[in-house]
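Right, one structure below, let's go through it.
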Amino acid sequence: MSREKFVSSTLSRKRFQEILHLFHESTEKLGDDRNKIKIVTYEDQKLVVKSFKTPNFINKIAYGFFRKSKAARSYYNAQYLEQHGIGTPSPVAYLEKLSGVGLHKSYYVSSYADHDFTYREITNDENLQDKEHILKQFSKFMYDMHEAGIYFLDHSPGNTLIKKDGDQYHFSLVDLNRMKFYNIPYQDRLKNFERLSPKKWMYTIMGTEYARLSNEESQKTIENMWKYTQEFQEAFHKKKRMKKKLKGIFKS
């Protein structure tokens, strides 16, 4: 027996189905992701529709009966961020398609966040100007997020969108399905920077500003941020080497 769960504070089910039809017709993809993400325009509004990959058998059961799906978590986490003044594309709706086994398919729809670049370009784009100013303002954004008790588990460089407005920068978080909400200790806050960049000069700027906002000692803050980053980079590259090695074994 199949059923569906649809949640939205602004859309009717009929209008959501019209958006899904546009999604399946659209060729305007965002990123290279295991999930399908496309931009659609509906009633003069630009929207982002994310179709999550069909979960494996165990996760079908887990998401169907015991845990919120990625689509549901994306929707409710975005609401939480908005309620606490943290930038993110506004949540519009989510849909879960369920079978007797559990979750079969899920979709999440949000508004499209206009942006000039992502955090990744601060690391990779040599032509990008005003990097120190961007990083200082980003550190304040991170501080406000942590003060609101938000720990972003998928805090990778492509998941922060940045819009320039005069000498101010506005930050929006995307890919929100993995977050924790708690009173975050200082060391956990510093660890939350670990995925952002392999470049130490960026942590010198961010660490100095974050320590100032937190009334903490800057040198220790920078050292700990960088230590967590190095540990993450080491584990990441070790895992990558292992995958490559296993791929070679199975090919031979």
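The values are calculated or read from the model by the stated rules, or taken from the named source; none is laboratory data. Remember, it's a predicted structure, so these values are computed and weren't measured experimentally. Note that each Cβ is placed from the backbone with ideal geometry, even for glycine, and that neighbours are counted across all protein chains shown.
For region 44-59, what are the residues that are touching a residue at least 12 places away in the same chain (Cβ under 8 Å) and either surrounded by fewer than 18 Cβ atoms within 10 Å (Cβ to Cβ) or more than 16 Å from the chain's Cα centre (by Cα) (or both)?
Correct list: Gln45, Lys46, Leu47, Lys53, Thr54, Pro55, Phe57, Asn59.
Do any residues in region 221-234 that are in the same structural domain as Ile205 (by TED's automatic domain parsing) have Cβ atoms under 7 Å from those of residues that are of a type outside the set (D, E, K, R) and surrounded by fewer than 16 Cβ atoms within 10 Å (Cβ to Cβ), where the two are at least six apart or on different chains, and which pairs are they?
Asn224/Gln187; Gln233/Pro198
Applying the selection to region 160-174, what residues are surrounded by 14 or more Cβ atoms within 10 Å (Cβ to Cβ) and either without any contact (Cβ under 8 Å) to a residue 40 or more places away in the chain or among the aromatic types (Phe, Trp, Tyr) (or both)? Don't jump to the end; show me each part of the working.
From region 160-174, those surrounded by 14 or more Cβ atoms within 10 Å (Cβ to Cβ) are 160-164, 169-174; that's our starting set.
Answer for region 160-174, where residues must be surrounded by 14 or more Cβ atoms within 10 Å (Cβ to Cβ) and either without any contact (Cβ under 8 Å) to a residue 40 or more places away in the chain or among the aromatic types (Phe, Trp, Tyr) (or both): Tyr169, Phe171.
Any residue at all in region 5-22 that's buried (at least 16 other Cβ atoms within 10 Å of the Cβ), among the charged types (D, E, K, R) and either in the same structural domain as Asn159 (by TED's automatic domain parsing) or at pLDDT 90 or above (or both)?
No, there is no match, as no residue in region 5-22 is buried (at least 16 other Cβ atoms within 10 Å of the Cβ), among the charged types (D, E, K, R) and either in the same structural domain as Asn159 (by TED's automatic domain parsing) or at pLDDT 90 or above (or both).
For region 80-112, give me each residue that is of a type in the set (Gly, Ala, Ser), part of a loop (DSSP other than H, G, I, E, B) and out of contact with any His (no Cβ under 9 Å at 6 or more places or on another chain). Spell out the reasoning first.
Keep residues of region 80-112 that are of a type in the set (Gly, Ala, Ser), which gives 85, 87, 90, 93, 99-100, 102, 106, 110-111.
In the following step, the residues that additionally are part of a loop (DSSP other than H, G, I, E, B) were identified as 85, 87, 90, 99-100, 102.
Within region 80-112, Gly85, Ser90, Ser99, Gly100, Gly102 qualify.
Can you go through Ser110, Ser2 and tell me which one is surrounded by fewer than 17 Cβ atoms within 10 Å (Cβ to Cβ), among the polar types (S, T, N, Q) and either more than 27 Å from Tyr151 (Cβ to Cβ) or modelled with pLDDT of 95 or more (or both)? Spell out the reasoning first.
Values: Ser110 fails: surrounded by fewer than 17 Cβ atoms within 10 Å (Cβ to Cβ).
So the residue among Ser110, Ser2 that is surrounded by fewer than 17 Cβ atoms within 10 Å (Cβ to Cβ), among the polar types (S, T, N, Q) and either more than 27 Å from Tyr151 (Cβ to Cβ) or modelled with pLDDT of 95 or more (or both) is Ser2.
Hey, any hits in region 129-136 for a residue that's closer than 24 Å to Lys180 by Cα, of a type in the set (Asp, Glu) and not in a strand (DSSP E or B)?
The answer is no; no qualifying residue exists.
In region 125-157, how many are touching a residue at least 24 places away in the same chain (Cβ under 8 Å) and under 21 Å from Asp188 (Cα atoms)?
Looking only at that region, the number is 22.
Check every one of the helices (runs of 4 or more DSSP H) wholly within region 145-252 and list those with 3 or more residues that are among the acidic types (Asp, Glu).
Details: elements: 186-191, 200-214, 218-251.
Ranges flagged: 218-251.
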